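All remarks here apply to the structure that follows.
The values are calculated or read from the model by the stated rules, or taken from the named source; none is laboratory data. Please read these numbers as outputs of a predicted model, since none were measured by experiment. Cβ sites come from the backbone with ideal geometry, for glycine too, and all protein chains shown count toward neighbours. Ligands, DNA and RNA are stripped out before the accessible areas are found, and what is left, the full protein with its side chains, is counted by its heavy atoms. Shrake-Rupley method; radii C 1.70, N 1.55, O 1.52, S 1.80 Å.
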Amino acid sequence: MDISFLLIVEIIGTLAFAISGIRLAAVKKFDWFGAYIVGLVTAIGGGTIRDLFLSTTPFWMLNYWYLVVTAVALVLVIMFKRYLVRLDHTVFIFDTIGLALFVVIGMQKSLDFGFPIWVAIIMGTITGAFGGVLRDILINEEPLIFRKEVYATACLAGGISYWLIHKLGGSVVLQQVSCAAIIIIVRILSVIYNWSLPVLGNDNKDNSK
Amino acid sequence: MDISFLLIVEIIGTLAFAISGIRLAAVKKFDWFGAYIVGLVTAIGGGTIRDLFLSTTPFWMLNYWYLVVTAVALVLVIMFKRYLVRLDHTVFIFDTIGLALFVVIGMQKSLDFGFPIWVAIIMGTITGAFGGVLRDILINEEPLIFRKEVYATACLAGGISYWLIHKLGGSVVLQQVSCAAIIIIVRILSVIYNWSLPVLGNDNKDNSK
Amino acid sequence: MDISFLLIVEIIGTLAFAISGIRLAAVKKFDWFGAYIVGLVTAIGGGTIRDLFLSTTPFWMLNYWYLVVTAVALVLVIMFKRYLVRLDHTVFIFDTIGLALFVVIGMQKSLDFGFPIWVAIIMGTITGAFGGVLRDILINEEPLIFRKEVYATACLAGGISYWLIHKLGGSVVLQQVSCAAIIIIVRILSVIYNWSLPVLGNDNKDNSK
């Protein structure tokens with residue numbers, strides 16, 4: 001893949017993730033600073049956890065571009081919040097493309113650090129899905145991915161396809177493209193057909209803590 | 001202590017911690033993926049914080065056994081959730097043994113990294129008790145250890161006994177065994193006699209935030 | 001600045017931060033251990049996140065003074081909780097001085113590690129403001145700084161003044177003093193005049209999640 005193409009997709013993904021965080025902060029009536037932080041954590045939180053686990057400096061400390069993109073996201077939400085609701089499908093597409101790219105970046109970085117493929121799959125999933133978990137902790141909600149949508153599962157499916165293509169002798173580019181494609185397809189299908197994982201409820205209605 | 005004995009106890013402790021997390025996730029109606037993550041965070045969260053503080057790679061990235069044991073815990077809860085309630089005492093015993101071993105492992109690792117004993121006591125307590133704190137943050141509850149049971153206090157008592165035996169010239173094995181024994185005894189006695197720490201309430205019923 | 005003067009101010013700041021955390025834990029009826037942990041996290045949490053991001057050992061693992069000061073804060077709150085309400089203004093002043101110093105320390109440490117000034121401003125703000133965010137996550141509340149007071153914004157203003165004084169050729173001491181002064185002034189003025197940032201609410205009263 002071309003570097004500048006990757007960079008553009010990464011910026012779009014960061015923007016989509018930040019917008020999703022800022023919109024949730026708006027529902028919670030946070031002030032501009034709080035909304036910016038929630039947007040930033042949504043966009044860079046997963047990669048930050050990954051980099052701490054990889055014992056390396058968080059990626060956004062080496063390039064201020066992520067902070068700038070989040071500021072753009074904040075301005076966009078402030079200016080166009082009435083219209084953003086109508087753009088839900090557009091935001092969803094960007095968010096899904098961003099997710100796919102974040103997983104591929106997370107996997108590639110972990111492999112570059114010498115970790116085995118099963119660690120890379122986990123790090124890819126963390127990169128893609130755990131910014132949203134940190135966002136939900138910050139806004140004091142139960143993490144959405146534990147209850148709704150096949151979100152992290154799509155990341156895992158993509159990671160496993162990366163592995164399989166590798167085992168079958170495919171090139172790195174083919175591994176990455178298949179990983180991203182599987183994530184995008186699984187996520188879109190899961191929303192269209194309303195897929196979800198089984199709930200681990202108690203049969204006997206035990207709601208005690 | 002024999003390596004294989006330690007490994008078996010560590011697996012049992014991991015299993016007990018994971019089951020405790022997955023059962024709480026079930027009460028919250030999380031899906032299977034969410035329940036797995038909550039179980040995993042309960043089992044490996046304390047050791048992960050410790051390893052980040054020690055500036056080393058989280059232990060579970062070097063050995064996939066912890067992920068497998070958590071998957072086993074998930075399958076056990078899904079298959080036997082009706083019976084697990086009756087096994088509360090068994091789970092409690094495993095959980096307590098796991099806690100004791102986790103504290104010893106956390107202390108030993110910190111000392112091996114060259115930190116003084118007071119840091120090791122804190123790292124042991126974090127290893128044993130902070131997986132549960134992360135679990136409670138993920139399921140959006142107030143951390144249980146801040147209100148109920150002499151849990152972290154048992155870890156501290158064990159850590160201090162480790163120190164005292166060291167000061168009195170006891171061997172490393174004696175230090176570790178006494179640390180684990182104190183934790184198990186304090187925890188069991190605290191549940192039998194319903195021990196608890198004083199609550200730091202406001203006398204004047206000031207409930208304002 | 002004189003080392004011993006700095007140390008005294010840092011101890012006062014740690015004490016004020018710990019007291020603020022312990023008082024919130026008291027409102028939540030935590031036990032002594034829980035209150036101590038909440039106080040400790042409030043006092044050292046921001047600097048701990050900073051040190052993890054800087055890939056260095058958390059500062060409090062190298063000096064047990066912070067643990068001791070937090071214990072003193074716990075004893076003070078237990079002994080004098082009736083009177084502490086009347087001392088709100090005193091606690092506020094100490095808290096503000098501590099905030100200013102924490103930001104300066106966080107910026108200086110980041111610059112010493114070779115990071116550019118924009119990273120240092122973020123690290124300074126994290127050092128000053130994110131202990132309170134961790135505190136609010138632990139007590140299961142929405143982080144206060146996302147909704148009330150010009151708290152983190154004061155840190156940012158101080159950080160930017162540090163930068164400007166540097167650009168204008170001022171000495172390091174002048175940079176640090178101006179940074180701290182701006183933070184203290186902005187914080188006090190914001191409370192006196194009830195400044196706040198605009199809220200990012202939805203116009204159309206969409207409260208759905």
Seminar exercise, completed: Taking the stretch B:155-184 and keeping only residues that are farther than 14 Å from B:GLN108 by Cβ and out of contact with any Gly (no Cβ under 9 Å at 6 or more places or on another chain), one is left with B:ALA157, B:ILE160, B:SER161, B:LYS167, B:LEU168, B:GLY169, B:GLY170
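Residue-by-condition table, conditions (1) under 15 Å from the mean Cα position of the chain (by Cα); (2) over 20 Å from C:LEU197 (Cβ atoms); (3) within 13 Å of chain A (Cβ to nearest Cβ); (4) at pLDDT 90 or above:
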residue	(1), (2), (3), (4)
C:SER110	no, yes, yes, yes
C:ILE126	yes, no, yes, yes
C:PHE130	yes, no, yes, yes
C:LEU144	yes, no, yes, no
Seminar exercise, completed: Residue hits (the stretch A:58-78; more than 14 Å from chain C (Cβ to nearest Cβ) and open to solvent by 20 Å² or more (accessible area, probe 1.4 Å)) are A:VAL72
Seminar exercise, completed: Filtering the stretch A:108-128 down to residues that are open to solvent by 10 Å² or more (accessible area, probe 1.4 Å) and aliphatic (A, V, I, L, M) yields A:LEU111, A:ILE117, A:ILE121, A:ILE122, A:ILE126
For this session: Give, as residue ranges, the helices (runs of 4 or more DSSP H) completely inside the stretch A:90-209 that count at least 2 residues that are more than 26 Å from A:ASP51 (Cα to Cα).
Result: A:172-192
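When you scan the stretch C:173-185, do you find a residue that is under 19 Å from C:VAL91 (Cβ atoms) and buried (at least 22 other Cβ atoms within 10 Å of the Cβ), even just one?
Residues of the stretch C:173-185 that are under 19 Å from C:VAL91 (Cβ atoms), as a first pass: C:180, C:183-185.
Remaining after also requiring buried (at least 22 other Cβ atoms within 10 Å of the Cβ): C:180, C:183.
Looking for residues that are under 19 Å from C:VAL91 (Cβ atoms) and buried (at least 22 other Cβ atoms within 10 Å of the Cβ), one finds at least one in the stretch C:173-185, hence yes.
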Problem set entry | Residue check for C:LYS81: farther than 24 Å from C:VAL177 by Cβ, basic (Lys, Arg) and open to solvent by less than 60 Å² (accessible area, probe 1.4 Å) | yes
Seminar exercise, completed: Looking across the stretch C:41-57 at residues that are within 7 Å of another protein chain (Cβ to nearest Cβ) and outside any helix (DSSP H, G or I), the single one that is least open to solvent (accessible area, probe 1.4 Å) is C:THR57
Exercise. How about the stretch B:146-166: which of its residues are within 30 Å of B:PHE30 (Cβ to Cβ) and more than 7 Å from every other protein chain (Cβ to nearest Cβ)?
Worked result: B:LYS148, B:GLU149, B:VAL150, B:TYR151, B:ALA154, B:CYS155
For this session: Test C:ILE105 against the stated conditions and say whether it is closer than 30 Å to B:ASN140 by Cβ and surrounded by 19 or more Cβ atoms within 10 Å (Cβ to Cβ).
Result: no
For this session: Out of the residues in the stretch A:10-25 that are buried (at least 23 other Cβ atoms within 10 Å of the Cβ) and without any contact (Cβ under 8 Å) to a residue 60 or more places away in the chain, state the one that is nearest to A:ILE105 (Cα to Cα).
Result: A:ALA18
